Amino acid sequence: MKTQHNHARFSRYTRAKLLILALVLGGIWALGDPHTTSPAEQALWDRVRAAQLHLSHWRREQGTATTEQHDPWNCGLVGLEWSGITTTLGDLEAKRTACNPAWAIQFLRWFDELGLEAGDPIAIYSSASFPGLLLNAIAAAEAAQLQPLLIVSLGASTWGANHPGAPWPTLESELLRAGFIHKQADFYTLGGGAEMGRGLAPEDEAILRQAANAAGVGILNAADLEAMVRLKTELLVAYQARLFISIGGSQANLGDAEEVLRLSRGRVPAAEADRAGNGVIARAMQNGTPVIHMLNIRSIANTVGIPYDSKPSGAAPIRANPWWSAAGLLVFFAVLLSHRRWRLEEPGSTGFEVGD
């Protein structure tokens, strides 16, 4: 009887203990705030996804669509494995990940963290290698009512906006026509070497120039890489941008110093200005302008909590506060280590006694 009584008492105690543990961990989860999607963020996600589906349908009609194997989620922003306007190698999985509309929400959250307000000027200098990220950044800037200076280099790495029939100016024009974005590029560069189209065949350079001319956007020209860095920096400074977003690996943005390869991705800490290289990113940081550096998508996705190479699902980036996560683990293991399933009875007893 005594053993049965102890067993019943132990069961009640255990259930109560587990219930309290669950409540405490639930409270820690709520305090940690894994960033659920707000109505404004959900509206932004829906807008970007609608734009992608529109582009996918439009490109099928135009005969420039990527195969379902390479663009299984109909993002409309995945290109070819190779073409004449391709400048470097790229990763297909990264290009698909860059299309996830969760990036638009992440940009919006970065804007909020930086204290940006409606009407503030920012600069987006992007390679056409990541048209998915470019669309997300533009859509987020427009949702936040920011005023972006937009410069896009047109040569693209593999799987980017590298279809000769659908380079970035063509995609941009369709997005503008359909009303999914309202900001057209202020300038283009040709991309490639020194962002002057070096490495492109004359006929392929002509494709990009014709696309830019059809869009009515001018192409920046400079004597060499240093001059291109200086020109793009002068435009950035004159615009008084409160944030500089660099997307992809445009050569003038990065420069040609090896230090930039060690620069943090995503939001770059101001303390890293001394290892930012000699491109526009470095010049921006030296001037005290915050920088978001979008290169190495897998690394940034892991940091902010965006699934890598997964079908867009409507979810916002989820990245729990590490301190609250540590607190949850501490509570769990404290309970685990303090919990005893049984203990030995005093000498002379008839067996084991269940204890707490």
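Computed from the coordinates by the stated procedures, all read-outs in this text should not be read as laboratory data. Keep in mind that what you see is a predicted model, and the values were worked out from it rather than measured. Don't worry about glycine lacking a Cβ; one is built from the backbone with ideal geometry, like all the others, and counts go over all protein chains shown.
Here are the numbers for the structure shown:
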item	result
Translational diffusion coefficient (Stokes-Einstein; Kirkwood radius from C-alpha pairs) of region 124-251 at 37 °C, 0.692 mPa s, in µm²/s	225
Relative contact order %, region 257-301, counting alpha carbon pairs below 8 Å whose residues are six or more apart	42
Reachable aspartates and glutamates, given that their alpha-carbon falls under 14 Å from the alpha-carbon of residue 95 and they are not under 8 places away in the same chain	71, 81, 309
Difference of contour (0.36 nm per residue) and Cα-Cα distance, residue 230 to residue 182	14.5 nm
Region 39-304, relative contact order in percent, only Cα pairs under 8 angstrom and at least six apart counted	18
For region 188-236 versus region 117-184, the gap between their alpha-carbon centres in whole angstrom	16
Around residue 77: net Lys/Arg minus Asp/Glu count, Cβ-Cβ under 10 Å	+2
Pair residue 262, residue 22: separation of 7 Å Cα→Cβ label points (nm)	5.1
Calculated FRET value between residue 334 and residue 93, using beta carbons and R₀ = 35 Å, to 0.05	0.30
Pair residue 14, residue 117: separation of 7 Å Cα→Cβ label points (nm)	5.9
Nitroxide proxy distance, nm - points 7 Å out along Cα→Cβ at residue 147 and residue 173	2.8
Mean Cβ neighbour count within 10 Å, used as a protection proxy, ranking 254-262, 221-229, 73-81 highest first	73-81, 221-229, 254-262
Net lengthening on full extension, residue 213/residue 299 (0.36 nm per residue, minus Cα-Cα)	27.3 nm
Residues of type aspartates and glutamates that residue 232 reaches as a straight line, Cα spacing below 14 Å, ignoring anything fewer than 8 places off in the same chain	186, 195, 224
Ranked by how many other beta carbons lie within 10 Å on average, peptides 149-155, 167-173, 230-236, 304-310 from highest	149-155, 167-173, 230-236, 304-310
